[in-house]
DNA sequence: ATAAATTATCGTCGATGGGCGATGAAAGGT
DNA sequence: ACCTTTCATCGCCCATCGACGATAATTTAT
């Protein structure tokens, strides 16, 4: 089940690649956020709502608390999750819009 | 349009997170492959079939040939693309199965 | 005011990423 | 045989990742 070979030069010219700098950058940023097993796992945990507080996530991840906090920060900076302070704890949840954007950018490939 | 807050503890226990080490690892690997603007762009170029030979890709990317070759190697190692030697040139094409796996792993989030 | 609990940040360390130029390897043409 | 073309690889550089322990910061409870 292999893909077809190269197109001829004329066929190629018929299909210029649209500029996609924005899409590429967004895809790269969002994809990179989940491009680590621990972060993928964190997203799954948050989506399943089996936990949302940092400490609980730490319990499920065999990683040091500081490391998990770093991953959470990365996910947050990418916009994939949001953190809400609740007393001394912080409740994280997935930003559904960002997740939708990630899915869209992947799906359009 | 914010997500709901944390669930109660009992609600949480009702929804354990299934182990997803395999899925996490696969997602991480595939997502990481496209987690760079240049590689995202390369995938788009190959999908649009506006080019498939390394040199042509280089022409579209304002990057050194060696750098592009590195990115192609990364994409190939992740399984997202395949290279076929054609004389002195190498014709790259996306592995549709791998791309489908990436989409599936993202979609299941 | 203190103490405890929770999370974020800092500093460090080794490993890896990403860029480049230069060089090497393989195939074709002359 | 030689040269050209094309691509991969190497070595180098600097920046960042990812891990950790230790420490700070913030909030609640006593």
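The values are calculated or read from the model by the stated rules, or taken from the named source; none is laboratory data. Predicted model only: the values in this text are computed from it and were never measured. Note that we place each Cβ from the backbone using ideal geometry, even for glycine, and neighbour counts take in every protein chain shown.
Pairs please, first residue from segment A:67-90 and away from chain B (no Cβ under 12 Å) and farther than 25 Å from residue A:103 by Cβ, second anywhere and within 6 Å of DNA strand C (Cβ to nearest atom) and modelled with pLDDT of 95 or more, Cβ atoms under 9 Å, 6+ apart in sequence or on different chains.
Within 9 Å, the pairs are A:69/A:54.
Residue B:100 passes all but one of (1) free of Cβ contacts under 8 Å to residues at least 40 places away in the same chain; (2) surrounded by 13 or more Cβ atoms within 10 Å (Cβ to Cβ); (3) under 11 Å from the mean Cα position of the chain (by Cα); which number fails?
(2)
Going by what's in this entry, would residue B:81 be described as under 30 Å from residue A:44 (Cβ atoms) and in contact with a strand residue (DSSP E or B) (Cβ under 7 Å, 6 or more places away or on another chain)?
Yes.
Go through segment A:18-60 and give me each residue that's free of Cβ contacts under 8 Å to residues at least 24 places away in the same chain and under 19 Å from residue A:91 (Cβ atoms).
Correct list: A:41, A:44, A:45, A:48, A:49, A:50, A:51, A:56, A:58, A:59, A:60.
Give the number of residues within segment B:23-65 that are within 27 Å of residue B:105 (Cβ to Cβ) and more than 7 Å from chain A (Cβ to nearest Cβ).
11
Could you run through segment A:48-75 and say how many residues are under 18 Å from residue B:31 (Cα atoms) and surrounded by fewer than 16 Cβ atoms within 10 Å (Cβ to Cβ)?
0
Right, residue A:90: assigned to a strand (DSSP E or B) and either touching a helix residue (DSSP H, G or I) at 6+ places or on another chain (Cβ under 9 Å) or surrounded by 20 or more Cβ atoms within 10 Å (Cβ to Cβ) (or both) or not?
Here the answer is yes, as residue A:90 does meet what is asked.
Kindly evaluate residue B:63 against the criterion of being in contact (Cβ under 8 Å) with a residue 12 or more places away in the chain and in a helix (DSSP H, G or I).
no
Given B:45, B:57, which one is assigned to a helix (DSSP H, G or I), away from DNA strand D (no atom under 11 Å from the Cβ), over 29 Å from residue A:41 (Cβ atoms) and modelled with pLDDT of 95 or more?
Going through B:45, B:57 in turn, just one is assigned to a helix (DSSP H, G or I), away from DNA strand D (no atom under 11 Å from the Cβ), over 29 Å from residue A:41 (Cβ atoms) and modelled with pLDDT of 95 or more: B:45.
Of the residues in segment A:76-87, how many are within 16 Å of DNA strand D (Cβ to nearest atom), under 18 Å from the mean Cα position of the chain (by Cα) and surrounded by 14 or more Cβ atoms within 10 Å (Cβ to Cβ)?
Total satisfying the criteria: 6.
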